[in-house]
Amino acid sequence: MNKKFLIAWIVIFIVWFAGSFVVHGVLLHDDYAKSASLFRTEADSQSYFPLMILAHLILSGALVWIYSRGVESSPWLPQGIRFGVAIALLTVVPTYIIYYVVQPMPGMTVVKQIIFDGTLTLILGVVAAFMYRSPARA
């Protein structure tokens with residue numbers, strides 16, 4: 001673990017945590033309210049908030065670790081988009097499809113979850129690639 005890894009981990013954590021708040025706390029808030037019986041109350045959820053932070057720390061570290069092991073000497077932006085797509089297809093898309101199978105979530109909410117979290121994952125891939133880009137040559 002080096003300085004670049006730690007800085008990227010912190011940056012990805014901040015972007016992911018903030019992005020998840022926007023996706024789930026703002027964009028999907030009303031959709032979740034319509035299915036409130038499937039979730040903890042907002043008050044009850046607050047007592048579990050440290051676990052949300054821990055989960056995002058683990059996710060962020062794992063994302064940076066995986067990216068840092070496969071980074072290539074090709075342009076960083078397409079590489080970041082490719083990585084974000086791969087991570088979304090590995091995590092976001094199948095996770096919400098599986099949740100839809102086992103939890104009576106409205107189909108449109110699932111579509112929004114996939115689109116919004118998929119977009120966030122693309123952004124995270126681009127941020128990771130930016131953090132690991134090669135220094136500009138003179």
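Things worth noting here:
- Every residue from the stretch 110-131 that is surrounded by fewer than 18 Cβ atoms within 10 Å (Cβ to Cβ) and either at pLDDT below 95 or not aliphatic (A, V, I, L, M) (or both): LYS112, THR119, PHE130
- A single entry from SER60, SER37, SER68, SER45 fulfils the requirement of being open to solvent by 80 Å² or more (accessible area, probe 1.4 Å), assigned to a helix (DSSP H, G or I) and of a type in the set (S, T, N, Q): SER37.
- Cβ separations smaller than 8 Å between residues 6+ apart or across chains give the following pairs from the stretch 59-75 residues that are over 16 Å from ASN2 (Cβ atoms) and in contact (Cβ under 8 Å) with a residue 60 or more places away in the chain to residues that are crowded, with 18+ Cβ neighbours inside 10 Å and not β-branched (Val, Ile, Thr): LEU63/TRP16; LEU63/LEU124; LEU63/ALA128.
- Within the stretch 71-104, the set of residues being part of a loop (DSSP other than H, G, I, E, B) and open to solvent by less than 30 Å² (accessible area, probe 1.4 Å) is empty.
- Number of the condition not met by MET1 [criteria: (1) open to solvent by 50 Å² or more (accessible area, probe 1.4 Å); (2) part of a helix (DSSP H, G or I)]: (2)
The values are calculated or read from the model by the stated rules, or taken from the named source; none is laboratory data. Every value quoted in this text rests on a predicted model; they were computed, and no experiment measured them. Ideal geometry is used to build each Cβ from the backbone, glycine not excepted, and the neighbour counts take in all protein chains shown. Side chains included, ligands, DNA and RNA excluded: accessible areas come from the protein's heavy atoms. Shrake-Rupley method; radii C 1.70, N 1.55, O 1.52, S 1.80 Å.
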